[in-house]
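This report refers to the structure that appears directly beneath it.
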Amino acid sequence: MDLTLPHGGTHERIQSPQTAVIAGGGLAGVAAAAVLAERGVSVVLAERESFLGGRAGAWTDRLATGESFEMERGFHAFFRQYYNLQALLRRIDHELSFLEPLEDYPILGPGGQVESFSGLPNKPPWNVVALTKRTPTLGLRELMGVNGLAALSMLRYERGWTYGRYDDQTAGEYLDSLRFPPDARRMLFDVFAHSFFNPENAMSAGELLMMFHFYFSGNPEGLIFDVSKRPFSRSIWEPLGAYLTGHGVDVRTGCTVSRVARGAGRKWRVDLNGEVVEADHVVLALTVPGLQAVVAESPDLDDAGFRLSVEGLALTNPFVVWRLWFDRPAKPGRQPFAGTTGVGCLDNISLYNLFEDESRDWARRTGGSVVELHAYAVDPSMDEAAIREDLLTALYTFYPEYVGAGVIEERYLVRRDCPAFAPGSHADRPGVSTPHEGIALAGDFVRLPIPSALMERAVASGFLAANHLLASQDIKPEPIRSIPRRGLFGRRVQETEASRMR
Ligand SMILES: Cc1cc2nc3c(=O)[nH]c(=O)nc-3n(C[C@H](O)[C@H](O)[C@H](O)COP(=O)(O)OP(=O)(O)OC[C@H]3O[C@@H](n4cnc5c(N)ncnc54)[C@H](O)[C@@H]3O)c2cc1C
């Protein structure tokens with residue numbers, strides 16, 4: 001693990017009273033709120049929904065029997081190299097005891113193809129070598145046809161070089177250039193690329209290569225991940241909410257931030273549900289449309305470059321999460337989570353009752369099972385009936401024991417709020433710092449100095465935003481942790497302290 005301390009700092013806490021408004025109560029906003037509050041800043045955290053957590057949030061729902069359960073925006077994998085997320089979560093559960101490891105998560109393909117990630121060596125490049133060796137669709141003949149130079153870029157990650165060379169290309173074009181046999185490409189890369197919610201033909205190859213470095217070729221922790229044994233509301237959000245409140249944070253749910261304006265002196269005035277709150281520091285940790293709406297309503301955020309970079313952000317295609325309560329169990333031996341490819345728009349199947357307590361109890365009582373089907377980067381021209389049919393057909397193909405099973409209950413969510421990483425978007429993507437003193441951005445769409453993605457990117461950006469806002473005050477920063485920021489064959493670059501954190 002690489003500890004990337006942004007700057008020194010002697011004091012544990014601020015020396016004069018200061019206030020902050022954090023807009024957005026997802027992982028990014030909560031991370032920023034925790035760091036600022038721990039250092040003595042008086043924080044208001046404003047979240048539009050009635051619960052914290054954003055895309056990793058959970059809310060209470062009821063089955064037809066009247067029994068309550070926690071519904072989520074879908075299965076989440078907690079990878080071991082999510083060091084900053086772990087640091088946040090250790091504040092509420094030092095041993096991370098709410099997580100349990102998944103021994104394997106196979107990728108299932110058409111015609112019974114299976115790729116497993118269990119038992120691979122942790123150390124790059126041996127993990128890459130071992131995976132290549134055991135992939136049945138990659139014989140010597142196929143390997144001879146692979147474009148070695150293009151494939152080498154997966155081991156050559158260095159931010160400047162990778163984005164400079166590949167950001168304008170699509171992930172699909174890059175994957176085509178590898179000349180992998182179609183089966184191997186589908187099993188090894190298509191599932192991976194889709195996990196970031198972006199379609200291959202509209203995602204930057206530079207971003208894909210960063211993800212490849214972060215999850216695989218530069219990841220010293222191995223490909224194993226953990227899952228939450230309890231619904232996120234109980235394992236994460238209730239304890240984190242209590243932690244924040246315990247540190248004096250004024251947590252306001254159901255509270256929309258609509259505008260930021262200049263106040264007296266160096267203060268900002270933030271409009272929260274019509275009430276104006278003054279703050280020395282503001283972190284905008286919103287969804288992409290949320291941020292764009294706030295900036296559009298805030299003429300005082302008047303730097304033209306900043307406004308353009310925020311306007312240039314975009315959302316990717318919608319995703320679907322379909323949870324089904326079946327009247328029968330899955331076949332014994334099924335894994336709690338499996339990635340899928342090549343059959344309709346299904347991307348993965350999770351068997352909730354194999355890892356989450358609430359679903360396990362329900363399955364025990366009823367003899368049924370709780371299954372979640374996900375589809376990412378869904379073609380916007382597909383209607384709900386077509387998506388449902390597609391997902392069920394794929395489930396029956398991979399897990400035929402469900403053919404004819406009765407559906408006791410279901411929840412079908414379609415959402416469109418995951419960020420796009422379009423080709424050519426890296427250079428203009430906003431970072432954590434803004435040209436407006438006292439205002440910082442956070443979220444999983446923000447450009448970061450360290451390789452990271454999804455939940456880890458959200459938390460790292462929240463920590464960095466808090467560090468940035470306190471940087472001039474000789475305060476001990478929150479440590480920022482990272483996997484090596486260069487691949488095995490990545491070029492060495494001379495970095496200044498500032499460039500390390502930008
Ligand atoms: C189906 C699914 C599966 C996923 N699986 C994984 C996984 O396996 N591993 C992984 O690492 N990541 C996964 N992710 C991604 C992960 O959930 C996100 O990367 C992360 O939660 C983003 O956090 P955030 O704080 O950046 O944004 P969000 O969680 O989107 O938080 C932004 C918050 O801002 C609030 N907001 C917006 N506008 C306003 C306003 N005007 N005023 C006040 N509040 C506002 C929103 O309500 C939201 O709560 C998954 C996501 C989905 C949807």
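Multiplying the sequence separation of residue 130 and residue 12 by 0.36 nm and subtracting their Cα-Cα distance, what value in nm do you get? Could you put the intermediate results ahead of the total?
Working: separation 118, 0.36 × 118 = 42.48 nm, distance 4.60 nm.
Result for the pair: 37.9 nm of gain on full extension.
Counting only lysines at least 8 places from residue 476 when in the same chain, those with an alpha carbon closer than 28 Å to its own are 267. Placing pseudo-labels 7 Å out from each Cα toward the beta carbon at residue 142 and residue 401 gives an inter-label distance of 2.8 nm.
Taken over region 121-217, the percentage of Cα pairs per 10 Å bin, counting from 0 up to the bin with the maximum distance, is 16, 52, 31, 2.
Convex hull volume of the Cα atoms of region 291-360, normalised per residue: 176 Å³. The modelled label-to-label distance between residue 61 and residue 201, using points 7 Å beyond Cα along the C-beta direction, is 3.2 nm.
In whole percents, the pair-distance distribution calculated for region 438-491 from its alpha-carbon pairs, binned every 10 Å from zero, is 24, 47, 24, 5. Bridgeable lysines around residue 331 (alpha carbons under 28 Å apart, same-chain partners fewer than 8 residues away excluded): 229. Taking only the Cα atoms of region 359-502, the ratio Rg/Rh comes out at 1.13, with Rh defined as the Kirkwood radius.
Placing a pseudo-label 7 Å from each Cα along the Cα-to-Cβ vector at residue 150 and residue 245 gives an inter-label distance of 5.5 nm. Sorted from greatest to least, the principal axis extents spanned by the alpha carbons of the chain come out as 67, 59, 43 Å. In plain terms, the chain from residue 408 to residue 68 could stretch by 120.9 nm, reckoned as 0.36 nm per residue minus the Cα-Cα distance. Shown here is the pair-distance distribution of region 231-286: with all Cα-Cα distances grouped in 5 Å bins from zero up to the longest one, the shares run 4, 16, 20, 22, 18, 11, 6, 2, 1 percent. First measure r as the distance between the Cβ atoms of residue 266 and residue 230, then evaluate 1/(1 + (r/R0)^6) with R0 = 45 Å and state the FRET efficiency to the nearest 0.05. Here the calculated transfer efficiency is 0.55. Bridge orientation summary for the chain: considering DSSP beta bridges with both residues in this region, about 70 percent are antiparallel. Cα to Cα, under 28 Å, and not fewer than 8 places away if on the same chain: which lysines meet these conditions relative to residue 133? Qualifying lysines at Cα under 28 Å: 123.
The numbers here are math on the coordinates, done by the rules we state, and not lab data. This one's a predicted model, so the numbers in the text were calculated from it and none came from an experiment. No Cβ is skipped: glycine too gets one built from the backbone with ideal geometry, and neighbour counts run over all protein chains shown.
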